[in-house]
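Below is one structure, written out as C-alpha coordinates; the observations come after it.
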Amino acid sequence: MLPVIIHPPSLRFRWMFQRPQQLFNQFAQLGFQAIFCNPAGKKEPASVKKLSENLFICTKSDPLSIPHSGPRILWISAPSFVRHINRYRPHMVVYDALDDPSEEFSSWAPYVEEVRKRADIIFATSMKILNENRKFHPEVHLCPNGVDFEHFVPAQTGTLVRPADIPDNGRPTVGYIGALATWLDWELIDHITEKNPEYNFIFVGPLYNTRLPFHKNNMFVTGYKEYRYLPNYLQCFDVCLIPFKVTSMTRGCNPIKMYEYLSSGKPVVSTPLPEVAGMGEILIGTDPEGFNNFIHQAIHGDKPENRLKRIEIARQNSWERRARSAIEIMENKLRARGFLFSD
(Lines give C-alpha, C1' and ligand atoms only; values in the text may rest on other atoms or scores of the structure.)
Protein backbone atom coordinates (compact mmCIF):
# COMPACT_ATOMS: atom_id res chain seq x y z
CA MET A 1 0.00 0.00 0.00
CA LEU A 2 1.99 2.93 -1.29
CA PRO A 3 0.99 6.30 0.14
CA VAL A 4 -1.14 8.86 -1.65
CA ILE A 5 0.11 12.41 -1.36
CA ILE A 6 -2.23 15.37 -1.91
CA HIS A 7 -1.45 19.02 -2.63
CA PRO A 8 -4.39 21.36 -1.88
CA PRO A 9 -5.38 24.00 -4.46
CA SER A 10 -2.96 26.82 -3.69
CA LEU A 11 -1.46 27.11 -7.20
CA ARG A 12 -2.09 25.69 -10.64
CA PHE A 13 -0.05 22.72 -11.77
CA ARG A 14 1.08 24.35 -15.03
CA TRP A 15 1.85 27.82 -13.63
CA MET A 16 5.64 28.36 -13.87
CA PHE A 17 6.24 24.73 -12.75
CA GLN A 18 7.68 25.54 -9.35
CA ARG A 19 8.83 23.40 -6.42
CA PRO A 20 5.46 21.80 -5.52
CA GLN A 21 4.80 20.76 -9.13
CA GLN A 22 8.35 19.46 -9.58
CA LEU A 23 8.23 17.40 -6.39
CA PHE A 24 4.79 15.96 -7.13
CA ASN A 25 5.97 14.96 -10.58
CA GLN A 26 8.90 13.14 -8.97
CA PHE A 27 6.77 11.59 -6.21
CA ALA A 28 4.59 10.06 -8.93
CA GLN A 29 7.58 8.74 -10.84
CA LEU A 30 8.93 7.19 -7.64
CA GLY A 31 5.72 5.27 -6.96
CA PHE A 32 3.56 7.50 -4.77
CA GLN A 33 0.03 8.22 -5.94
CA ALA A 34 0.30 11.99 -6.33
CA ILE A 35 -2.82 14.18 -6.51
CA PHE A 36 -2.34 17.86 -7.28
CA CYS A 37 -5.41 20.05 -6.81
CA ASN A 38 -5.81 23.07 -9.07
CA PRO A 39 -7.52 26.27 -7.97
CA ALA A 40 -10.21 26.95 -10.55
CA GLY A 41 -12.17 29.81 -11.98
CA LYS A 42 -15.96 29.90 -11.75
CA LYS A 43 -16.49 28.76 -15.34
CA GLU A 44 -13.93 25.97 -15.28
CA PRO A 45 -15.57 22.51 -15.29
CA ALA A 46 -14.86 19.86 -12.69
CA SER A 47 -12.31 17.34 -13.85
CA VAL A 48 -9.77 14.73 -12.84
CA LYS A 49 -6.95 14.36 -15.35
CA LYS A 50 -4.50 11.49 -15.22
CA LEU A 51 -1.16 12.82 -16.49
CA SER A 52 0.77 9.62 -15.86
CA GLU A 53 0.32 6.31 -14.10
CA ASN A 54 0.49 7.91 -10.65
CA LEU A 55 -0.09 11.63 -11.22
CA PHE A 56 -3.59 13.13 -11.10
CA ILE A 57 -4.68 16.76 -11.50
CA CYS A 58 -7.96 17.60 -9.75
CA THR A 59 -10.03 20.65 -10.59
CA LYS A 60 -13.20 21.28 -8.58
CA SER A 61 -13.14 17.58 -7.67
CA ASP A 62 -12.70 15.77 -4.39
CA PRO A 63 -9.23 14.15 -4.41
CA LEU A 64 -10.50 11.55 -1.95
CA SER A 65 -12.84 10.26 -4.67
CA ILE A 66 -9.81 8.93 -6.58
CA PRO A 67 -9.45 5.27 -5.54
CA HIS A 68 -6.53 4.69 -3.22
CA SER A 69 -5.63 2.19 -0.54
CA GLY A 70 -2.50 3.61 1.06
CA PRO A 71 -2.24 6.21 3.84
CA ARG A 72 -2.93 9.82 2.90
CA ILE A 73 -0.29 12.53 3.22
CA LEU A 74 -1.38 16.15 2.93
CA TRP A 75 1.46 18.32 1.62
CA ILE A 76 0.89 22.00 2.47
CA SER A 77 3.08 24.65 0.83
CA ALA A 78 0.80 27.64 1.49
CA PRO A 79 0.29 28.01 5.27
CA SER A 80 -3.24 29.40 4.91
CA PHE A 81 -4.43 25.94 3.86
CA VAL A 82 -4.02 24.82 7.46
CA ARG A 83 -7.69 25.87 7.76
CA HIS A 84 -8.71 23.08 5.38
CA ILE A 85 -6.69 20.15 6.70
CA ASN A 86 -9.66 18.21 8.06
CA ARG A 87 -11.47 17.97 4.72
CA TYR A 88 -8.65 15.73 3.43
CA ARG A 89 -8.69 13.39 6.46
CA PRO A 90 -4.90 12.89 6.31
CA HIS A 91 -2.93 10.28 8.17
CA MET A 92 0.03 12.65 8.09
CA VAL A 93 0.52 16.38 7.43
CA VAL A 94 3.66 17.80 5.86
CA TYR A 95 4.41 21.52 5.86
CA ASP A 96 6.79 22.44 3.06
CA ALA A 97 8.20 25.77 4.26
CA LEU A 98 9.08 27.43 0.98
CA ASP A 99 9.79 31.04 1.98
CA ASP A 100 10.28 33.17 5.03
CA PRO A 101 6.84 34.55 6.05
CA SER A 102 7.93 38.17 5.94
CA GLU A 103 7.71 41.14 3.57
CA GLU A 104 6.22 39.90 0.28
CA PHE A 105 5.07 36.71 2.06
CA SER A 106 3.90 38.39 5.28
CA SER A 107 0.32 37.28 4.53
CA TRP A 108 1.47 33.77 5.51
CA ALA A 109 2.56 34.85 8.99
CA PRO A 110 -0.86 34.53 10.75
CA TYR A 111 -1.07 30.86 9.77
CA VAL A 112 2.48 29.68 10.42
CA GLU A 113 2.10 28.93 14.12
CA GLU A 114 -0.97 26.77 13.49
CA VAL A 115 0.51 24.91 10.53
CA ARG A 116 3.58 24.09 12.63
CA LYS A 117 1.31 22.64 15.31
CA ARG A 118 -0.63 20.54 12.82
CA ALA A 119 2.36 19.32 10.82
CA ASP A 120 3.97 15.96 11.54
CA ILE A 121 6.99 16.85 9.42
CA ILE A 122 8.36 20.18 8.22
CA PHE A 123 10.66 20.48 5.22
CA ALA A 124 12.65 23.71 4.91
CA THR A 125 14.15 25.06 1.70
CA SER A 126 16.99 27.00 3.37
CA MET A 127 19.11 27.09 6.50
CA LYS A 128 17.36 30.22 7.77
CA ILE A 129 13.93 28.59 7.47
CA LEU A 130 15.29 25.34 8.94
CA ASN A 131 16.71 27.05 12.02
CA GLU A 132 13.62 29.17 12.59
CA ASN A 133 11.24 26.20 12.45
CA ARG A 134 13.44 24.05 14.66
CA LYS A 135 12.71 26.47 17.50
CA PHE A 136 9.09 25.30 17.44
CA HIS A 137 8.99 21.77 15.98
CA PRO A 138 10.87 18.54 16.75
CA GLU A 139 11.04 17.19 13.21
CA VAL A 140 12.30 19.70 10.66
CA HIS A 141 14.42 18.61 7.72
CA LEU A 142 16.44 20.57 5.18
CA CYS A 143 15.17 19.98 1.65
CA PRO A 144 16.55 22.69 -0.65
CA ASN A 145 15.21 23.40 -4.09
CA GLY A 146 16.54 21.55 -7.09
CA VAL A 147 16.44 21.25 -10.84
CA ASP A 148 15.05 19.07 -13.59
CA PHE A 149 18.57 18.65 -14.89
CA GLU A 150 17.66 16.83 -18.10
CA HIS A 151 15.16 19.54 -19.01
CA PHE A 152 17.85 22.25 -18.97
CA VAL A 153 20.79 20.26 -20.37
CA PRO A 154 19.90 21.23 -24.00
CA ALA A 155 20.64 24.86 -23.08
CA GLN A 156 24.32 23.86 -22.95
CA THR A 157 24.50 23.23 -26.69
CA GLY A 158 23.01 26.35 -28.25
CA THR A 159 21.19 24.19 -30.81
CA LEU A 160 17.63 24.85 -29.64
CA VAL A 161 15.29 27.07 -31.63
CA ARG A 162 16.13 30.69 -30.86
CA PRO A 163 13.09 32.59 -29.52
CA ALA A 164 11.93 35.32 -31.86
CA ASP A 165 11.71 37.89 -29.03
CA ILE A 166 15.41 37.57 -28.16
CA PRO A 167 17.57 40.06 -30.10
CA ASP A 168 20.07 38.47 -32.47
CA ASN A 169 22.43 41.42 -32.81
CA GLY A 170 25.73 39.81 -31.85
CA ARG A 171 25.96 41.65 -28.54
CA PRO A 172 26.73 39.94 -25.22
CA THR A 173 23.51 38.87 -23.54
CA VAL A 174 22.89 39.10 -19.82
CA GLY A 175 19.72 37.31 -18.71
CA TYR A 176 17.30 36.72 -15.87
CA ILE A 177 14.53 34.12 -15.70
CA GLY A 178 11.81 34.44 -13.07
CA ALA A 179 9.16 36.73 -11.68
CA LEU A 180 9.71 40.47 -12.04
CA ALA A 181 8.83 41.38 -8.49
CA THR A 182 9.54 43.78 -5.65
CA TRP A 183 12.28 41.51 -4.32
CA LEU A 184 14.43 42.35 -7.36
CA ASP A 185 17.01 45.08 -6.73
CA TRP A 186 15.77 47.52 -9.34
CA GLU A 187 18.39 50.13 -8.38
CA LEU A 188 21.06 47.53 -9.13
CA ILE A 189 19.37 46.67 -12.43
CA ASP A 190 19.20 50.36 -13.31
CA HIS A 191 22.94 50.63 -12.60
CA ILE A 192 24.10 47.67 -14.69
CA THR A 193 21.85 48.43 -17.65
CA GLU A 194 23.05 52.05 -17.64
CA LYS A 195 26.70 51.06 -17.39
CA ASN A 196 26.51 48.58 -20.27
CA PRO A 197 24.60 50.01 -23.22
CA GLU A 198 26.46 47.58 -25.49
CA TYR A 199 24.92 44.52 -23.74
CA ASN A 200 21.47 43.01 -24.16
CA PHE A 201 19.62 42.57 -20.85
CA ILE A 202 16.87 39.96 -21.16
CA PHE A 203 14.17 39.48 -18.51
CA VAL A 204 12.08 36.34 -19.00
CA GLY A 205 9.07 36.14 -16.70
CA PRO A 206 5.82 37.76 -15.63
CA LEU A 207 5.32 40.95 -13.69
CA TYR A 208 4.32 39.59 -10.29
CA ASN A 209 3.53 42.30 -7.74
CA THR A 210 4.91 45.45 -9.31
CA ARG A 211 5.11 47.52 -12.45
CA LEU A 212 8.26 47.73 -14.53
CA PRO A 213 9.96 50.77 -12.95
CA PHE A 214 11.84 51.79 -16.11
CA HIS A 215 12.68 50.66 -19.60
CA LYS A 216 15.83 51.13 -21.64
CA ASN A 217 16.88 50.44 -25.21
CA ASN A 218 19.09 47.55 -24.10
CA MET A 219 16.36 45.94 -21.97
CA PHE A 220 14.06 43.28 -23.39
CA VAL A 221 11.17 41.99 -21.28
CA THR A 222 9.47 38.91 -22.71
CA GLY A 223 6.69 38.34 -20.18
CA TYR A 224 5.61 34.93 -18.95
CA LYS A 225 6.95 31.93 -20.88
CA GLU A 226 5.93 28.31 -20.46
CA TYR A 227 8.37 26.14 -18.57
CA ARG A 228 9.04 23.97 -21.63
CA TYR A 229 10.52 26.97 -23.48
CA LEU A 230 12.86 28.21 -20.74
CA PRO A 231 15.91 26.27 -22.03
CA ASN A 232 15.48 28.02 -25.38
CA TYR A 233 15.86 31.36 -23.65
CA LEU A 234 18.61 30.24 -21.29
CA GLN A 235 20.79 29.03 -24.18
CA CYS A 236 20.91 32.63 -25.47
CA PHE A 237 22.43 34.03 -22.27
CA ASP A 238 26.16 34.67 -21.85
CA VAL A 239 25.67 35.50 -18.17
CA CYS A 240 22.77 34.67 -15.82
CA LEU A 241 21.65 36.99 -13.03
CA ILE A 242 20.15 36.64 -9.56
CA PRO A 243 19.71 40.37 -8.79
CA PHE A 244 17.71 40.05 -5.57
CA LYS A 245 17.63 42.59 -2.78
CA VAL A 246 19.06 41.17 0.44
CA THR A 247 16.16 41.28 2.91
CA SER A 248 14.67 39.17 5.68
CA MET A 249 12.65 37.28 3.07
CA THR A 250 15.44 36.70 0.54
CA ARG A 251 17.91 35.62 3.23
CA GLY A 252 15.71 32.55 3.46
CA CYS A 253 15.48 32.11 -0.31
CA ASN A 254 17.04 29.11 -2.06
CA PRO A 255 16.49 30.18 -5.69
CA ILE A 256 15.36 27.49 -8.11
CA LYS A 257 16.79 29.59 -10.95
CA MET A 258 20.27 29.12 -9.44
CA TYR A 259 20.18 25.38 -10.18
CA GLU A 260 18.56 25.89 -13.58
CA TYR A 261 21.24 28.38 -14.59
CA LEU A 262 24.01 26.05 -13.39
CA SER A 263 22.57 23.19 -15.47
CA SER A 264 23.34 25.19 -18.60
CA GLY A 265 26.95 25.71 -17.56
CA LYS A 266 26.52 29.47 -17.91
CA PRO A 267 28.30 31.79 -15.43
CA VAL A 268 26.03 33.20 -12.73
CA VAL A 269 26.31 36.56 -10.96
CA SER A 270 24.27 37.12 -7.80
CA THR A 271 23.81 39.49 -4.93
CA PRO A 272 25.05 38.07 -1.58
CA LEU A 273 22.12 35.84 -0.68
CA PRO A 274 23.25 33.32 1.97
CA GLU A 275 21.92 30.30 0.07
CA VAL A 276 23.68 31.40 -3.13
CA ALA A 277 26.95 32.55 -1.60
CA GLY A 278 27.40 29.14 -0.02
CA MET A 279 26.88 27.23 -3.25
CA GLY A 280 30.27 27.77 -4.92
CA GLU A 281 31.07 28.62 -8.55
CA ILE A 282 28.76 31.65 -8.42
CA LEU A 283 30.13 35.19 -8.60
CA ILE A 284 28.84 37.30 -5.69
CA GLY A 285 28.61 41.06 -6.17
CA THR A 286 28.29 42.81 -2.82
CA ASP A 287 27.67 46.27 -4.30
CA PRO A 288 26.53 47.60 -7.69
CA GLU A 289 30.04 48.22 -9.02
CA GLY A 290 31.28 44.84 -7.86
CA PHE A 291 28.24 43.17 -9.39
CA ASN A 292 28.91 44.96 -12.66
CA ASN A 293 32.59 43.95 -12.61
CA PHE A 294 31.62 40.30 -12.19
CA ILE A 295 29.35 40.53 -15.23
CA HIS A 296 32.36 41.69 -17.25
CA GLN A 297 34.52 38.95 -15.74
CA ALA A 298 31.92 36.32 -16.62
CA ILE A 299 31.71 37.50 -20.21
CA HIS A 300 35.42 37.92 -20.84
CA GLY A 301 37.16 35.58 -18.40
CA ASP A 302 35.11 32.44 -17.92
CA LYS A 303 36.96 29.12 -18.26
CA PRO A 304 35.83 25.68 -19.53
CA GLU A 305 36.71 24.05 -16.21
CA ASN A 306 34.38 26.46 -14.39
CA ARG A 307 31.60 25.53 -16.78
CA LEU A 308 32.05 21.83 -16.03
CA LYS A 309 32.03 22.48 -12.28
CA ARG A 310 28.75 24.40 -12.55
CA ILE A 311 27.12 21.60 -14.54
CA GLU A 312 28.22 19.02 -11.98
CA ILE A 313 26.82 21.06 -9.09
CA ALA A 314 23.45 21.15 -10.86
CA ARG A 315 23.57 17.43 -11.58
CA GLN A 316 24.00 16.74 -7.87
CA ASN A 317 20.94 18.85 -7.00
CA SER A 318 18.17 17.22 -9.01
CA TRP A 319 14.50 17.21 -8.02
CA GLU A 320 14.68 13.42 -8.08
CA ARG A 321 17.26 13.45 -5.29
CA ARG A 322 15.14 15.89 -3.29
CA ALA A 323 12.04 13.73 -3.73
CA ARG A 324 13.85 10.53 -2.75
CA SER A 325 15.11 12.16 0.43
CA ALA A 326 11.63 13.45 1.32
CA ILE A 327 10.04 10.07 0.61
CA GLU A 328 12.48 8.29 2.92
CA ILE A 329 11.66 10.69 5.75
CA MET A 330 7.88 10.45 5.19
CA GLU A 331 7.88 6.66 4.91
CA ASN A 332 9.88 6.31 8.12
CA LYS A 333 7.32 8.43 9.94
CA LEU A 334 4.42 6.41 8.52
CA ARG A 335 6.10 3.16 9.57
CA ALA A 336 6.68 4.48 13.08
CA ARG A 337 2.95 5.21 13.29
CA GLY A 338 1.90 1.85 11.92
CA PHE A 339 0.46 3.20 8.65
CA LEU A 340 3.11 1.61 6.43
CA PHE A 341 4.85 -1.72 6.62
CA SER A 342 8.20 -2.77 5.18
CA ASP A 343 8.19 -5.34 2.39
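Here are the numbers for this structure:
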quantity: Residue within region 168-177 that is of a type in the set (S, T, N, Q), under 28 Å from residue 272 (Cα atoms), at pLDDT 95 or above and assigned to a strand (DSSP E or B) present; calculated: yes
quantity: When residues of region 106-156 are limited to those that are under 19 Å from the mean Cα position of the chain (by Cα) and aromatic (Phe, Trp, Tyr), the one nearest to residue 327 (Cα to Cα); calculated: 123
quantity: Residue 228 closer than 28 Å to residue 124 by Cα, out of contact with any Leu (no Cβ under 9 Å at 6 or more places or on another chain) and not acidic (Asp, Glu); calculated: yes
quantity: Output for region 246-305, where each listed residue is farther than 21 Å from residue 233 by Cα and of a type in the set (S, T, N, Q); calculated: 247, 248, 250, 254, 271, 286, 292, 293, 297
quantity: Filter result for residue 104 (part of a helix (DSSP H, G or I), more than 21 Å from residue 141 (Cβ to Cβ), outside the structural domain of residue 209 (by TED's automatic domain parsing) and not polar (S, T, N, Q)); calculated: yes
quantity: Scan of region 21-59 for residues that are crowded, with 20+ Cβ neighbours inside 10 Å and in contact (Cβ under 8 Å) with a residue 60 or more places away in the chain, ordered by number; calculated: 22, 23, 25, 26, 27, 32
quantity: Failed item, numbered, when residue 324 is tested on (1) closer than 30 Å to residue 96 by Cβ; (2) not assigned by TED's automatic domain parsing to the domain that holds residue 125; calculated: (2)
quantity: Residue in region 291-313 that is charged (D, E, K, R), free of Cβ contacts under 8 Å to residues at least 12 places away in the same chain and either closer than 16 Å to residue 155 by Cα or outside any loop (DSSP other than H, G, I, E, B) (or both) present; calculated: yes
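The values are calculated or read from the model by the stated rules, or taken from the named source; none is laboratory data. The structure displayed is predicted, hence computed values, not measured ones. No Cβ is skipped: glycine too gets one built from the backbone with ideal geometry, and neighbour counts run over all protein chains shown.
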